[in-house]
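J.: Got a structure for you, written out below as C-alpha cells; questions coming shortly.
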Amino acid sequence: MDTKKFTRSYKLNLYGIALLLFAVIIFPFLVPSNYFISMFILIGLYGIVCTGLVVLMGHTGQISLGHAAFYGIGAYSSAIVSGKYDLPPLMGVITGILIACIVALLIGIPSFKLKEHYLALATLGFGVIVFTFLKEWTSLTGGLNGFFGIPPFEVAGFTFTNDLSYYFIVWAILVIGLWFVNNLIHSRTGRALKSIHGSESAAESIGINLMTFKLKALIISAVFASVAGSFYAHYISFINPQLFEVMTSIVFLIMVVIGGSSSLWGGLAGAIIYVWLVELLKDWVPLLGFSTGGEFEIVFFGVLLVVLLIFKPKGLMGSWMEKKLFLSQKKNVQNKKGAAL
Amino acid sequence: MESLSQLMQLLFSGLTIGSIYALIAIGFVITYNITGVLNFAQGEFAMLGALLTISMSSAGLPLYLAVIVAILIVMMVGGLFERAAIYPARKSSVATLIIITIGVSFVFRGAAIFIWGTQPHSLTPFSGNTPIRIFEAVLLPQSLWAVGISLAALAGMYYFFNKTYTGKAVTACVMNRFAAQLMGIKPEKMSFLSISLSAGLGALAGIIIAPISGASYQMGLMLGMKAFIAAVIGGLTNAPAAVLGAFLIGIIEAFSEGYLSSGYKDAVSFAVLLLVLFFMPNGLFSKKSGKRV
Amino acid sequence: MKKWVWLFVTVLFLFTISACSDSSSGEGDEIIIGGVFSASGPAAPLGKGEMDTVKMLVDKVNEDGGIDGKKIKLISYDDKSDQNEAVLSMKKLIEQEKVHAVIGGTISGNTLAMIPLAEKSEIPFISLAASKQIHNPDDKSSRKWIFKTAQGDDVVIPKVLQYLKDEGLTKIAWLNVANAYGTSGHTEFAAMAKDFGIEAVVEEEFEATVTDAKAMLTRVKKEKPQAVVVWGTAQESAVITKNIRQIGMDVPIINSHGIGTKQFIELAGAEAEGIIFPIGRLLVADQLGDDDKQKEKLLTYQKDYEAEFNAPPSTFGGHSWDAFYLLVEAIKKADGTDPKKVRDALEKDNGGFVGISGVFNINEKDHNGLSKDSLVMVKIKDGGWVINE
C-alpha cells in the first residue's frame, strides 16, 4: 500500500465531498415536496451513523451489532437534557457524546481482546442491556410509554422548526463527518487502522498499538451515532426505547454492508439505498398486484438484499472503489482466508 | 417448604425452555462449524416447523405424521436456503454472510405472514395437560417431552457424528477442511447437509414449544437470539457444551424472573454472555483440545 | 461496474419521480383519505383488521355512489409497526398524495410520532391507538387536529376497577406485558386504584415473547391475592393465564381488552374458562337487547366483514370503522373536504354518533368521546363469550 494510491483516493474523495456539498445545497430546489426532504433527513441521520460504522468496520474489520445503543444514548441524552431539564439542546448533544465516549471505552477495552466474531456478540449483548435500561429506568426515560414533547433543536438563538432547517444541519454534519473521516483514513492513524484490518499480527509487529487504534475507531463511530441520535430526537420530537432495539443495529449493519464498508462512501450509499428501497417497495409492490400489506414488501426486501449481496458481496461502493483503486487482488486473498476460517 | 417448591418450579421452567434453546443451539453450532456462517435465520426454522405442524394437524393429519412431514419440509427449506443463498456467497466476509442470513429471515417471516397471518396459533399438547405435582411444584407433561426430545436429539447427534459414515465426514470437515477434501469428502455437500440438519432440529424445537406458548410468525427471532447466546456461552464449537449453555440460560432466565423481575430477564442473560465473552472467550465448558462437534 | 451503479441509481430515481407524478392527478373530483396501519410487525394482529376494515368500507361507500357523488380514494400504507416508517408514510400522505384526512396509527408510539406532522400541516387525523397522550397530553401541547376512536386506558381501567370493587376483590395481583400497551395500562392503574379502594399486593411484568411464566407466578402466588389482573394481548396473556391455573391458583382472573379474539380462547384452551375482561360490544353483539343502540350496526359490520374476509372482525377493526364513518359524516356535514371545516364538523357535529366501539360524544374538550359505558364485562364460557353484568 503505497502512499501514492492513498493521495489519489484522498483527492478523489475530496472532489466527491465538494460535489456532495453542491448537491446538498441545490437538492431542496429540485424536489417536488417536503416528503423528500424528510426522507433525506432520515437518510442523512443514518448516513452519519453508518459513516462512523465504516471507520469501525472497514478499517478495523470489527463488526458491531450494538450501534443502535449509541444512537439511543444520543437521543435520550438530548431528550432528557432539553426536554426534562429545559437546558439548551446543545448541552444535550454534548452530554450524549460524552456518555457515548465513556460507554464505548467500557465496552471496547474488554471486547477488543476478543477475536473477530466475538465483538459482534459482545456488542449485541451490550445493545440489549442499554435497551433494558431505557425501558426500565422509567423515572428518567418514561419507559416504554416513550418520551414525547422533545423541544426543537436550538443554537445561538436560532430555532430549528421546519424540515428544511433540519435537512441542512443534518447534511452539514454529514459532510463535515465525511471530510473528517477522509482525513482520518489518510492519516497515520488511518493507515494503522487499515493495516489492522489487513493483518493484526503484522500491524502489531511494526509497533502499532492495536488497542488504542481500535478504541479510537470505536469511539469515533459511537460519537457519530450519538450525534445522529440527538438530532433524530429533536426532529421527530417523540422517542421510545423500541427504536433502539437490536433490530435497529442490524439495520445499520445492513446499510453498511450493502453500501460497502471498504469505501468512505459506503455508509452514505447504504443509507440512501436502504431508505429509498423501503419507500419504493411501498409504491412498487401494490403495482405488481399485491395489495394486502407489508408482508410482500418484507419478502421483496429480503430477496433483494440476498441477491444484492450474492452478486456484490463487498457492497456497491466497495466493489466500485476497488476497481477504481486497483486494490482488489489483495482484498480477495484476505477474504478467502476469512471464509475458510 | 414453600421456598423449596419455588426453587423446583424455577428449575422445571428453566429446564423446559432450556431444552428448546438447546435444540436450536445445536443447529447454530453445526452450521457455524461447517460453513463458518452465524445463521441468524436459525430461529425461523422453529417458527416454520411449528406453524407447518399446526396447519397439517388441523387439516386432519395425525400429530406424529404432521410432525414428521413438517420436519422434512423444513429440512428441504433449509437445504434450499443453503443452495440459494449461502453457497453462492460462501467466499464473502463474515458481515456479508450475517446480513444474507438476516435477509433470508425477512423472507421467511414475510412468507409466514402471507401463509398463516399475523394471529398466534395453538397446538394441543402431545399427551394430555394434567400437571404432575412434585413438592408442590408443577411439571407439565409437555415439559417432559421437551427435555426428553432434546436429550434424545443430542444422543442422536452423537451417534450420527461418531458412528455413521456421513456424520464422520462432517466431523472431518469441521476439524480440517483441507485434509477432508483430500480424502474425497466434498465440503460443499457437507455444508448442504449441515444446514438442512440444523433446520430440522430447529423445526423440532418449534414444534415442541408450540403447545406451551402458541406459535406465530414472529416467534423465531427471540428463540434464535437466546439459542445464539447459549451457543456462544458453550463456546460455539462444541455441541454438548452448547446444550449445557442452553440449559444454563434457561435456568438463569427462570431464576432472574422468579427472584428479580421479568423486565431484566433478557439483560441478565446478555450480561452473562458478556461476562463469558470477556473472561472465558472460548466458552464456559471448553476443552483446550479435542473434537469440536 | 461503475456503469451498473449509475444505471441502478438512475432507474431508482426515475421510478421515484414516476411514482410521485401519477399520484398527484385527479384532484378535486375525489376525496382522498390516507391510512397508516401496522399491518405487519409486532402490532399486526391489531393493524391488519383495521386496514382491511377501511378498505372494505371504502369499496362499499364507492359502490353506493360515494359521498355526494364524489368517490373516495384510499391510500393506505403499512408502517410495519415501525415509528420511522409511520412518520415517512404520514409525510408522504400529506405532502405527496395531498390527502384530506388521515386514519391510522395502530399503536400509540407511532401515533404520537405522527401527531406533530398532522398538527403542523393542519390535517384531521383520527387515531386508532389507545394512549391518553394522544388526545389529552400531559404536557398540554396542541391536539387541535387529532381525534381518537379507541377506548384509552383512562376509560378501560376504571371499568375494571369498578368491577373489582363491586365483586369485593380489593387485594389483587397486577401483571402487565412489558411493552407500551402493558405499561400504559399499569400507569393508569397505579394512578386510579386508590380511588376505588383497590390495592395491588404484587405488581409484575412479563415479556411479550413469554413462553413460561411459572417462575414469576410462584412469587405472585406467595402473596395470596384475591384476584389476578393480566394486562396484555392474546398470545402472551394466554401463556400467563394457562400458567396461573397450572400452578394451582384458582382465584378470579381478569384480563385486558387486548384478548378479545378467538385465538385467545384457542391458545388458553380449558384454562380460558371463566376469564373476565372488559371489551366493546362487538364481541357479544348477538346477546345485546334489541333496544341497544349499537346492535344493528354491530351485526351489519360483523356480517359484512365475515363475508369479505372469512374471519370475524376484531374490536380493533371496529375502531377503524368508527374513524371512517366519523370522517364520512364530517365530510358530508362540512360539504366538502376543506380540512378546517371537516375538523370543525368532527369536533362539533358528531355528538351521539353511534359506532362500533360505543356511542361517541366528541366535543372541544374531549376528542375521544367514549365513556366507560362503551365497554361491557365479558366472561369466557364454553369457549364463547357471554355478557357478565
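The values are calculated or read from the model by the stated rules, or taken from the named source; none is laboratory data. The shown structure was predicted, so the numbers you read here are calculated from the model rather than taken from an experiment. Please note: Cβ atoms are built from the backbone with ideal geometry, for glycine as well, and neighbour counts cover all protein chains shown.
J.: Do you know which residues across the range B:78-90 are of a type in the set (A, V, I, L, M, F, W, C) and buried (at least 22 other Cβ atoms within 10 Å of the Cβ)?
T.: Across the range B:78-90, the qualifying residues are B:Phe81, B:Ala85, B:Ile86.
J.: Taking the residues in the range C:246-269 that are over 22 Å from the mean Cα position of the chain (by Cα) and crowded, with 24+ Cβ neighbours inside 10 Å as candidates, determine which candidate is farthest from the other protein chains (Cβ to nearest Cβ).
T.: My answer is C:Ile253.
J.: Can you confirm whether A:Pro151 is more than 21 Å from the chain's Cα centre (by Cα), in contact (Cβ under 8 Å) with a residue 12 or more places away in the chain and farther than 27 Å from B:Phe228 by Cβ? Before the answer, list the steps.
T.: Working: more than 21 Å from the chain's Cα centre (by Cα): yes; in contact (Cβ under 8 Å) with a residue 12 or more places away in the chain: yes; farther than 27 Å from B:Phe228 by Cβ: yes.
In short, yes.
J.: Moving to a separate point now. Output the residues belonging to the range C:40-57 that are within 13 Å of C:Ser314 (Cβ to Cβ) and of a type in the set (A, V, I, L, M, F, W, C).
T.: Within the range C:40-57, the subset within 13 Å of C:Ser314 (Cβ to Cβ) is C:43-53.
Scanning the range C:40-57 gives C:Ala43, C:Ala44, C:Leu46, C:Met51.
J.: I've got another one for you. Working carefully through the options B:Ser93, B:Ser57, B:Ser13, find the one that is touching a helix residue (DSSP H, G or I) at 6+ places or on another chain (Cβ under 9 Å), surrounded by 24 or more Cβ atoms within 10 Å (Cβ to Cβ) and under 17 Å from B:Ile209 (Cβ atoms). Please lay out each step first, then the result.
T.: Numbers: B:Ser93 fails: under 17 Å from B:Ile209 (Cβ atoms); B:Ser57 fails: surrounded by 24 or more Cβ atoms within 10 Å (Cβ to Cβ).
From the options B:Ser93, B:Ser57, B:Ser13, the qualifying one is B:Ser13.
J.: Continuing with the same structure: Scan B:Ala241, B:Ala254 and give me the residue that is more than 13 Å from chain A (Cβ to nearest Cβ), within 18 Å of B:Ile26 (Cα to Cα), crowded, with 24+ Cβ neighbours inside 10 Å and over 13 Å from the mean Cα position of the chain (by Cα). Even if it seems obvious, please write down each step before you answer.
T.: Details: B:Ala254 fails: within 18 Å of B:Ile26 (Cα to Cα).
Selected residue: B:Ala241, the only one of B:Ala241, B:Ala254 that is more than 13 Å from chain A (Cβ to nearest Cβ), within 18 Å of B:Ile26 (Cα to Cα), crowded, with 24+ Cβ neighbours inside 10 Å and over 13 Å from the mean Cα position of the chain (by Cα).
J.: Could we say that A:Ile250 is within 11 Å of another protein chain (Cβ to nearest Cβ), farther than 11 Å from A:Tyr46 by Cα and either touching a strand residue (DSSP E or B) at 6+ places or on another chain (Cβ under 7 Å) or free of Cβ contacts under 8 Å to residues at least 60 places away in the same chain (or both) here?
T.: Details: within 11 Å of another protein chain (Cβ to nearest Cβ): yes; farther than 11 Å from A:Tyr46 by Cα: yes; either touching a strand residue (DSSP E or B) at 6+ places or on another chain (Cβ under 7 Å) or free of Cβ contacts under 8 Å to residues at least 60 places away in the same chain (or both): no.
Answer is no for this residue.
J.: Name the residue, out of A:Gly47, A:Gly66, A:Gly83, A:Gly58, that is touching a residue at least 24 places away in the same chain (Cβ under 8 Å) and out of contact with any helix residue (DSSP H, G or I) (no Cβ under 7 Å at 6 or more places or on another chain).
T.: A:Gly83
J.: Can you tell me which residue among B:Thr101, B:Thr96 is of a type in the set (S, T, N, Q), more than 8 Å from chain A (Cβ to nearest Cβ) and assigned to a helix (DSSP H, G or I)? Show your work before the answer.
T.: Values: B:Thr96 fails: more than 8 Å from chain A (Cβ to nearest Cβ).
Testing whether each residue is of a type in the set (S, T, N, Q), more than 8 Å from chain A (Cβ to nearest Cβ) and assigned to a helix (DSSP H, G or I) leaves just B:Thr101.
J.: If you don't mind, another one. Hey, among B:Thr118, B:Thr124, which residue is part of a loop (DSSP other than H, G, I, E, B), of a type in the set (Ser, Thr, Tyr) and facing another protein chain (nearest Cβ under 7 Å)?
T.: Values: B:Thr124 fails: facing another protein chain (nearest Cβ under 7 Å).
Step by step, each of B:Thr118, B:Thr124 is checked, and only B:Thr118 is part of a loop (DSSP other than H, G, I, E, B), of a type in the set (Ser, Thr, Tyr) and facing another protein chain (nearest Cβ under 7 Å).
J.: Something else: Identify, by number, the condition in (1) crowded, with 24+ Cβ neighbours inside 10 Å; (2) part of a helix (DSSP H, G or I); (3) away from chain C (no Cβ under 14 Å) that B:Phe40 doesn't meet.
T.: (2)
J.: Based on what the data block shows, is C:Ile198 surrounded by 24 or more Cβ atoms within 10 Å (Cβ to Cβ), closer than 14 Å to C:Val160 by Cβ and touching a Leu at 6+ places or on another chain (Cβ under 8 Å)? Explain how you work it out, then say what you get.
T.: Details: surrounded by 24 or more Cβ atoms within 10 Å (Cβ to Cβ): no; closer than 14 Å to C:Val160 by Cβ: yes; touching a Leu at 6+ places or on another chain (Cβ under 8 Å): yes.
Here the answer is no, as C:Ile198 does not meet what is asked.
J.: Residue pairs, Cβ under 7 Å, 6 or more apart or interchain, first in the range A:17-41 and within 9 Å of chain C (Cβ to nearest Cβ) and of a type in the set (A, V, I, L, M), second surrounded by 11 or more Cβ atoms within 10 Å (Cβ to Cβ) and part of a helix (DSSP H, G or I). List them.
T.: A:Ile37/A:Pro28; A:Ile37/A:Asp163; A:Ile37/A:Leu164; A:Ile37/A:Tyr167; A:Met39/A:Val275; A:Met39/A:Glu279; A:Met39/C:Leu88
J.: Given the options C:His319, C:His367, name the one that is out of contact with any Gly (no Cβ under 8 Å at 6 or more places or on another chain), at pLDDT 90 or above and closer than 22 Å to C:Pro137 by Cβ. It would help to see each step written out before you state the result.
T.: Working: C:His367 fails: at pLDDT 90 or above.
The match here is C:His319.
J.: Let me ask something else. Any chance the range C:97-112 includes a residue that's within 15 Å of the chain's Cα centre (by Cα), part of a strand (DSSP E or B) and not hydrophobic (A, V, I, L, M, F, W, C)?
T.: Checked the range C:97-112: at least one residue is within 15 Å of the chain's Cα centre (by Cα), part of a strand (DSSP E or B) and not hydrophobic (A, V, I, L, M, F, W, C).
J.: Here is a follow-up. Scanning the range A:227-245 for residues that are of a type in the set (Val, Ile, Thr) and closer than 11 Å to A:Gly72 by Cα, which turns out nearest to the other protein chains (Cβ to nearest Cβ)? Please lay out each step first, then the result.
T.: Taking the range A:227-245 and keeping what is of a type in the set (Val, Ile, Thr), we get A:227, A:236, A:239.
Subsequent filtering for residues that are closer than 11 Å to A:Gly72 by Cα retains A:227, A:239.
On the way: A:Val227: 18, A:Ile239: 8 Å.
Checking each candidate, the answer is A:Ile239.
J.: What are the pairs with Cβ atoms under 7 angstrom where one residue, in the range B:190-217, is within 14 Å of another protein chain (Cβ to nearest Cβ) and the other, located anywhere, is assigned to a helix (DSSP H, G or I) and of a type in the set (Ser, Thr, Tyr)? Sequence gap at least six, or different chains.
T.: Correct list of pairs: B:Ser191/B:Thr35; B:Ser191/B:Tyr87; B:Ile207/B:Thr53; B:Ala210/B:Thr53.
J.: Could you pull out the residue among C:Leu93, C:Leu57, C:Leu74, C:Leu117 that is out of contact with any Lys or Arg (no Cβ under 7 Å at 6 or more places or on another chain), within 12 Å of another protein chain (Cβ to nearest Cβ) and modelled with pLDDT of 85 or more?
T.: On the way: C:Leu57 fails: within 12 Å of another protein chain (Cβ to nearest Cβ); C:Leu74 fails: out of contact with any Lys or Arg (no Cβ under 7 Å at 6 or more places or on another chain); C:Leu117 fails: out of contact with any Lys or Arg (no Cβ under 7 Å at 6 or more places or on another chain).
Just a single option satisfies the conditions, and that option is C:Leu93.
J.: Being part of a helix (DSSP H, G or I), β-branched (Val, Ile, Thr) and under 26 Å from A:Leu243 (Cβ atoms) is true for just one of C:Thr241, C:Thr187, C:Thr209. Which residue is that? Walk me through it before giving the result.
T.: Numbers: C:Thr241 fails: under 26 Å from A:Leu243 (Cβ atoms); C:Thr209 fails: part of a helix (DSSP H, G or I).
Matching residue, one of C:Thr241, C:Thr187, C:Thr209: C:Thr187.
J.: So in the range C:371-389, with the set limited to residues that are in contact with a strand residue (DSSP E or B) (Cβ under 6 Å, 6 or more places away or on another chain) and at pLDDT 85 or above, which one is surrounded by the fewest Cβ atoms within 10 Å (Cβ to Cβ)?
T.: Checked the range C:371-389; the qualifying residue surrounded by the fewest Cβ atoms within 10 Å (Cβ to Cβ) is C:Val386.
J.: Let me ask something else about it. Within the range B:98-150, work out how many residues are over 23 Å from B:Leu52 (Cα atoms) and hydrophobic (A, V, I, L, M, F, W, C). Quick ask: steps written out before the conclusion?
T.: Keep residues of the range B:98-150 that are over 23 Å from B:Leu52 (Cα atoms), which gives B:98-100, B:130-140.
From the residues that got through so far, the ones that are hydrophobic (A, V, I, L, M, F, W, C) too are B:98-100, B:132, B:134-135, B:137-140.
Number of matching residues: 10.
J.: Restricting to the range C:76-96, what's the tally of residues that are basic (Lys, Arg) and part of a helix (DSSP H, G or I)? Reasoning before the result, please.
T.: Start the filter on the range C:76-96 by keeping residues that are basic (Lys, Arg), which leaves C:80, C:91-92.
Next cut, part of a helix (DSSP H, G or I) only: C:91-92.
Of the residues in the range C:76-96, 2 are basic (Lys, Arg) and part of a helix (DSSP H, G or I).
J.: Further question on the same structure: Does at least one position in the range C:352-365 carry a residue that is surrounded by 15 or more Cβ atoms within 10 Å (Cβ to Cβ), within 20 Å of C:Gly66 (Cα to Cα) and in contact (Cβ under 8 Å) with a residue 60 or more places away in the chain?
T.: Yes - at least one qualifying residue is present in the range C:352-365.
J.: Then there is this: Check C:Asp304, C:Asp291 and return the single one that is at pLDDT below 85 and farther than 30 Å from C:Asn176 by Cα.
T.: Going through C:Asp304, C:Asp291 in turn, the sole match is C:Asp291.
J.: Here is a check on your reading of the model: is C:Phe360 of a type in the set (Phe, Trp, Tyr) and in contact with a helix residue (DSSP H, G or I) (Cβ under 6 Å, 6 or more places away or on another chain)?
T.: Here the answer is no, as C:Phe360 does not meet what is asked.
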